[in-house]
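The values are calculated or read from the model by the stated rules, or taken from the named source; none is laboratory data. Since the structure is predicted, the reported quantities are computational estimates derived from the model, not experimental observations. Counting neighbours? That spans all protein chains shown, and the Cβs are built from the backbone with ideal geometry, glycine included.
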Amino acid sequence: MDKHQKRRITFLTIGLIFLLSGIEYAVILPTIWRYLQILEAPPYFLGLGLSAFSLSGLLTGPLFGLWSDRSRATKHIILFSNLFEIAGNFMYFLGYSKWLLLCSRLVAGVGAGAGSSIFGFITRCTQADERASVFAAIMAFRQAGLLIGPAFNMFLRLCDFKLGPFVVDKYTSPGIFMCVLWTLLQFVVLAFYWDVPSADSAEGGPLQEEVVLLEMNEEELPLVAAEEDSVHRYLAVHSDYRPQPVRCPSKDHDPDPPTSPEFLREEVVVLLTAQFITLFNQTALETMVTPMTQRYFGFTELGNSLMYGACGVEVILGFLLVRWLSSRVADRVVLAVGLAICGVACVWCLIFLTDLRAFIIGVFLQLLGLPFVAVSQVSLFSKVTAEKTQGFSQGVRRSVGGLATILGPLWAGGLTNNLYVMLGMMLALLTLITIMTYLSYSHLTEPRTVECAEGSADSGL
């Protein structure tokens with residue numbers, strides 16, 4: 001099996017990981033509200049339960065990312081993190097008390113922290129011009145899980161038996177079901193996941209000789225080569241960025257986390273803010289939807305499952321549209337379009353809150369904008385941060401998103417009776433990031449690769 005086949009199969013395995021994360025979300029979210037009510041938990045436990053999962057991912061994401069940057073491998077990290085998914089879902093199945101349920105989501109969330117390592121791996125194994133398409137495809141797998149999950153809920157809700165001393169019903173069955181799926185995934189990762197080489201070393205080409213000579217990726221190269229250097233170097237610079245000399249790492253240099261100034265650059269701040277606001281609004285809306293549909297429209301668990309299934313279809317189509325669009329327009333254009341759609345959706349929901357048909361249109365618009373923002377910001381972020389420390393950088397990005405998914409449910413969980421206040425905050429945040437994007441639009445571009453004068457003769461470029 002050649003490198004290209006291994007690469008494709010590895011990407012499919014990554015897609016399967018994201019598929020299971022989507023299935024887990026889709027089978028648990030529609031029933032956790034009633035599960036907590038049966039366990040006599042107060043209403044705010046819904047926000048705590050959803051936030052606990054994100055809290056673990058927030059804390060462990062940068063650690064897993066730093067681990068992958070240093071080891072340059074992700075397979076063993078995925079196998080290790082999946083053990084927490086297995087344990088957490090089994091605890092959810094037990095469900096003796098509201099506190100055990102809360103701890104189960106906390107434990108399972110540790111497994112989600114490996115996502116930073118996976119995104120760093122994808123960045124290293126793809127070229128810049130294909131990266132957005134790969135990210136869109138991987139994210140579409142998760143949305144496919146959100147689509148398939150409600151179908152599993154159709155039969156999980158029929159469960160009503162005992163497994164030894166444990167009760168298996170429509171509330172506990174999602175836990176044992178996901179425990180089995182994550183266990184099976186361990187064998188798939190063992191057999192069909194490879195830590196394939198980076199894109200440059202796999203594809204070859206004019207950069208390969210320089211990378212081997214300097215033993216570093218092109219993003220690691222100094223922005224300005226010293227005149228006395230005798231080796232040929234390729235430099236990645238922004239057209240509007242003032243270059244600063246950077247010392248080359250030595251042969252045995254271990255990757256260190258990016259210094260704080262990298263995360264304080266204008267374009268990075270905007271992208272991290274977009275990550276936070278998008279996920280804050282998404283999780284706040286998801287937390288609000290189940291109590292809202294129960295109160296205003298009389299939806300049951302089945303109705304909510306069908307609704308999430310329809311949403312999954314729409315978001316998958318949205319990711320496929322973005323995958324096609326990303327090869328034709330710049331990432332920043334996709335980001336701007338997504339923010340505009342989300343803003344319109346939020347205003348619509350504020351105006352037509354209690355009307356079922358109008359509510360459906362508002363949710364449709366909100367979910368339509370999600371793939372545009374999600375894919376463009378993660379693709380741009382991977383291009384404006386150093387490749388060598390992508391695991392740590394993606395961990396920071398996902399931690400910012402994890403903070404949003406903690407605060408979003410907490411904010412919405414406490415405002416289930418004040419939906420106009422909640423939607424008003426969502427609109428204010430969208431207005432903020434739209435203004436930031438407009439003001440920093442010229443900086444939201446990927447670095448362009450240029451060649452030093454010394455190396456132009458030999459490279460033929």
Would you check if there is a residue in the stretch 260-270 being acidic (Asp, Glu), crowded, with 21+ Cβ neighbours inside 10 Å, at pLDDT 75 or above and part of a helix (DSSP H, G or I)? yes
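Determine, yes or no, whether Ala345 is out of contact with any helix residue (DSSP H, G or I) (no Cβ under 7 Å at 6 or more places or on another chain), closer than 15 Å to Ile433 by Cβ and either polar (S, T, N, Q) or in contact (Cβ under 8 Å) with a residue 24 or more places away in the chain (or both).
Values: out of contact with any helix residue (DSSP H, G or I) (no Cβ under 7 Å at 6 or more places or on another chain): no; closer than 15 Å to Ile433 by Cβ: yes; either polar (S, T, N, Q) or in contact (Cβ under 8 Å) with a residue 24 or more places away in the chain (or both): yes.
When the stated conditions are applied, Ala345 does not pass them.
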Could you tell me whether the stretch 397-410 includes any residue that is within 14 Å of Ile122 (Cβ to Cβ) and assigned by TED's automatic domain parsing to the domain that holds Leu106? yes
From the residues in the stretch 59-108 that are over 15 Å from Tyr35 (Cβ atoms) and of a type in the set (S, T, N, Q), which one is surrounded by the fewest Cβ atoms within 10 Å (Cβ to Cβ)? Ser71
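Determine, yes or no, whether Phe166 is within 24 Å of His76 (Cα to Cα) and touching a Ser or Thr at 6+ places or on another chain (Cβ under 9 Å). Working first, answer last.
Values: within 24 Å of His76 (Cα to Cα): no; touching a Ser or Thr at 6+ places or on another chain (Cβ under 9 Å): yes.
No, not satisfied.
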Residue ID - surrounded by the fewest Cβ atoms within 10 Å (Cβ to Cβ), chosen from residues in the stretch 411-427 that are modelled with pLDDT of 75 or more and either aliphatic (A, V, I, L, M) or outside the structural domain of Leu50 (by TED's automatic domain parsing) (or both): Val421
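So, of the residues in the stretch 360-400 that are under 15 Å from Val333 (Cα atoms) and free of Cβ contacts under 8 Å to residues at least 60 places away in the same chain, which turns out to be surrounded by the most Cβ atoms within 10 Å (Cβ to Cβ)?
Only one residue tops the list, namely Phe372.
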Looking at Leu29, Leu79, Leu20, which one is closer than 18 Å to Gly414 by Cα and either touching a strand residue (DSSP E or B) at 6+ places or on another chain (Cβ under 8 Å) or in the same structural domain as Gln186 (by TED's automatic domain parsing) (or both)? Leu29
Counting only residues that are closer than 29 Å to Ile23 by Cα, surrounded by 15 or more Cβ atoms within 10 Å (Cβ to Cβ) and not β-branched (Val, Ile, Thr), the stretch 322-339 contains a total of 7
In the set Gly61, Gly88, the lone residue that is of a type in the set (Gly, Ala, Ser) and over 30 Å from Leu163 (Cβ atoms) is Gly61
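Can you tell which of Pro150, Pro197 is under 31 Å from the mean Cα position of the chain (by Cα), at pLDDT 50 or above and surrounded by 18 or more Cβ atoms within 10 Å (Cβ to Cβ)?
Working: Pro197 fails: surrounded by 18 or more Cβ atoms within 10 Å (Cβ to Cβ).
Exactly one of Pro150, Pro197 is under 31 Å from the mean Cα position of the chain (by Cα), at pLDDT 50 or above and surrounded by 18 or more Cβ atoms within 10 Å (Cβ to Cβ), namely Pro150.
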Could you tell me how many of the residues in the stretch 68-88 are out of contact with any Ser or Thr (no Cβ under 7 Å at 6 or more places or on another chain) and modelled with pLDDT of 90 or more? 11
Expected single match for over 21 Å from Leu102 (Cβ atoms), more than 27 Å from the chain's Cα centre (by Cα) and surrounded by fewer than 17 Cβ atoms within 10 Å (Cβ to Cβ) among Phe166, Phe161, Phe187 is Phe161
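Please tell me if Phe299 is of a type outside the set (D, E, K, R), outside any helix (DSSP H, G or I), touching a helix residue (DSSP H, G or I) at 6+ places or on another chain (Cβ under 8 Å) and closer than 22 Å to Pro30 by Cβ.
Working: of a type outside the set (D, E, K, R): yes; outside any helix (DSSP H, G or I): yes; touching a helix residue (DSSP H, G or I) at 6+ places or on another chain (Cβ under 8 Å): yes; closer than 22 Å to Pro30 by Cβ: yes.
Spelling it out, Phe299 is indeed of a type outside the set (D, E, K, R), outside any helix (DSSP H, G or I), touching a helix residue (DSSP H, G or I) at 6+ places or on another chain (Cβ under 8 Å) and closer than 22 Å to Pro30 by Cβ.
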